[in-house]
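Engineer: Could you have a look at this structure, given as structure tokens, before my questions?
The values are calculated or read from the model by the stated rules, or taken from the named source; none is laboratory data. The structure displayed is predicted, hence computed values, not measured ones. Glycine gets a Cβ as well: all are built from the backbone with ideal geometry, and neighbour counts include every protein chain shown. The area values use the complete protein model at the heavy-atom level, side chains included, leaving out ligands, DNA and RNA. Shrake-Rupley method; radii C 1.70, N 1.55, O 1.52, S 1.80 Å.
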Amino acid sequence: MKRISSIFLIIILLVGISCKNESSDKKINPGEVWNDTDGNPINAHGGGFLFHNGKYYWFGEIKKGKTWLVPGQTWECYRTNAGGVSCYSSENLTDWKFEGVALAPNTSDSTHDLHTSKVLERPKVIYNEKTKKFVMWLHIDSQDYSYARAGVATADKPEGPYSFIESIRPNGQMSRDMSLFKDDDGKAYHIFSSEMNATMHISLLTDDYLKPTGTVNRIFIDKSREAPAMFKHKGKYYLVTSGCTGWSPNPALLGSADTILGEWIEMYNPCKGPNADSTFFAQSTYVLPIEGKADQFIFMADRWNKTN
Ligand code: GAL
């Protein structure tokens, strides 16, 4: 189960490159509250990104309202009501327009997977060229994190609204922290912490991206890695993960592989400089390739603030 000791959140972008809008002097300022184009703080934690028709879309957990400690847990299980998934869009990565709630929470049926009393985390979206659907996967859990499932939803437009299909235990296995990765050949993979968070699974999805195929690669066995963020560079696959310390930061680890379903090698902490050993007090969520710049990526992480 989770070892948790520190929560909620201000989302930050940790910039591995100088990401400057070429038409202005705007910059991304890591660790600062970031307002959308309406002047409201961006509320999109555990974020995932999609580039579609010249625009970036940012999906994330909506967190607001009271924070409390779930009683009877052996770890610092702080939480707030699940607010669904937000969507923002941008053409320049600095100005983000709020597109609305992409996946709405359920406010009336406490048994529903998307009920506000549940945990809805780390939403990621990919586009399926064959079905023309935008497919979202996200971590769905009960407030004590014993449900350990992944949910899937689809939409006809990137910003949604997304229709919820179901939650599953992929291939019969627990699924908590998760991500998606769409490869150049159109194959898509669901990457998740499984087996009580001890082992990471890379699970090939069906061609419509809605179900697991049963083909799985178990990696970092018994290494207790979380918060997967995968990217590809020059034909090689890379995966940034965090350690398993709940809301508390810890050193990130970069892994790599020549083939996604092949052998994964543990490399090193990819963070450099002051506070690198706590991933700059944050936890990985996504590595965003910059469109049109083959060698540029933005590493994104959440700086959780457990009590608020
Ligand atoms: C973290 C995880 C978060 C959230 C938290 C709850 O390790 O990355 O997404 O699940 O645990 O304790």
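Engineer: Quick one: which residue in D208, D183, D177 is within 23 Å of G47 (Cβ to Cβ) and more than 16 Å from the ligand (Cβ to nearest atom)?
Structural biologist: D183
Engineer: Regarding K293, is this residue open to solvent by 10 Å² or more (accessible area, probe 1.4 Å), farther than 27 Å from V119 by Cα and at pLDDT below 95?
Structural biologist: yes
Engineer: Okay, moving on. Go through the stretch 217-267 and give me each residue that's more than 16 Å from the ligand (Cβ to nearest atom) and among the hydroxyl-bearing types (S, T, Y).
Structural biologist: Y237, Y238, S256, T259
Engineer: Do any residues in the stretch 170-195 that are open to solvent by 10 Å² or more (accessible area, probe 1.4 Å) have Cβ atoms under 6 Å from those of residues that are among the small types (G, A, S) and within 16 Å of the ligand (Cβ to nearest atom), where the two are at least six apart or on different chains, and which pairs are they?
Structural biologist: Sorted first by the residue in the stretch 170-195, then by its partner, the pairs are Q173/S194; M174/A148; M174/S194.
Engineer: In addition: Would you pick out the residues in the stretch 75-91 that are more than 12 Å from the ligand (Cβ to nearest atom) and open to solvent by 40 Å² or more (accessible area, probe 1.4 Å)?
Structural biologist: Those that are more than 12 Å from the ligand (Cβ to nearest atom) and open to solvent by 40 Å² or more (accessible area, probe 1.4 Å): N81, E91.
Engineer: Let me spell it out: the conditions are (1) away from the ligand (no atom under 16 Å from the Cβ); (2) within 20 Å of I62 (Cβ to Cβ); (3) open to solvent by 30 Å² or more (accessible area, probe 1.4 Å), and H115 meets all of them except one. Which number is the exception?
Structural biologist: Of the numbered conditions (1) away from the ligand (no atom under 16 Å from the Cβ); (2) within 20 Å of I62 (Cβ to Cβ); (3) open to solvent by 30 Å² or more (accessible area, probe 1.4 Å), the odd one out for H115 is (3).
Engineer: A follow-up question, please. Check whether at least one residue in the stretch 155-174 is in a loop (DSSP other than H, G, I, E, B), within 14 Å of the ligand (Cβ to nearest atom) and either out of contact with any Cys (no Cβ under 7 Å at 6 or more places or on another chain) or not charged (D, E, K, R) (or both), and report yes or no.
Structural biologist: There is at least one residue in the stretch 155-174 that is in a loop (DSSP other than H, G, I, E, B), within 14 Å of the ligand (Cβ to nearest atom) and either out of contact with any Cys (no Cβ under 7 Å at 6 or more places or on another chain) or not charged (D, E, K, R) (or both).
Engineer: Now for a separate question. When you go through S179, S193, S175 one by one, which is the residue that is in contact with a strand residue (DSSP E or B) (Cβ under 9 Å, 6 or more places away or on another chain) and farther than 22 Å from T154 by Cβ?
Structural biologist: S193
Engineer: Which of the numbered conditions does M1 fail, given that it passes all the others? Conditions: (1) more than 16 Å from the ligand (Cβ to nearest atom); (2) at pLDDT below 95.
Structural biologist: Just one mismatch for M1, condition (1).
Engineer: Determine if the stretch 301-308 includes at least one residue that is under 22 Å from L180 (Cα atoms) and either exposed (fewer than 14 other Cβ atoms within 10 Å of the Cβ) or among the hydroxyl-bearing types (S, T, Y) (or both).
Structural biologist: no
Engineer: Please go through the stretch 203-254 and give me each residue that is of a type in the set (S, T, Y) and surrounded by fewer than 22 Cβ atoms within 10 Å (Cβ to Cβ), ordered by number.
Structural biologist: Once the filter is applied, which keeps residues that are of a type in the set (S, T, Y) and surrounded by fewer than 22 Cβ atoms within 10 Å (Cβ to Cβ), the stretch 203-254 yields T206, T213, T215, S224, Y237, Y238, T245, S248.
Engineer: Within the stretch 136-151, take every residue that is more than 14 Å from the chain's Cα centre (by Cα) and in a strand (DSSP E or B) and give me the one that is nearest to the ligand (Cβ to nearest atom).
Structural biologist: This residue is D141.
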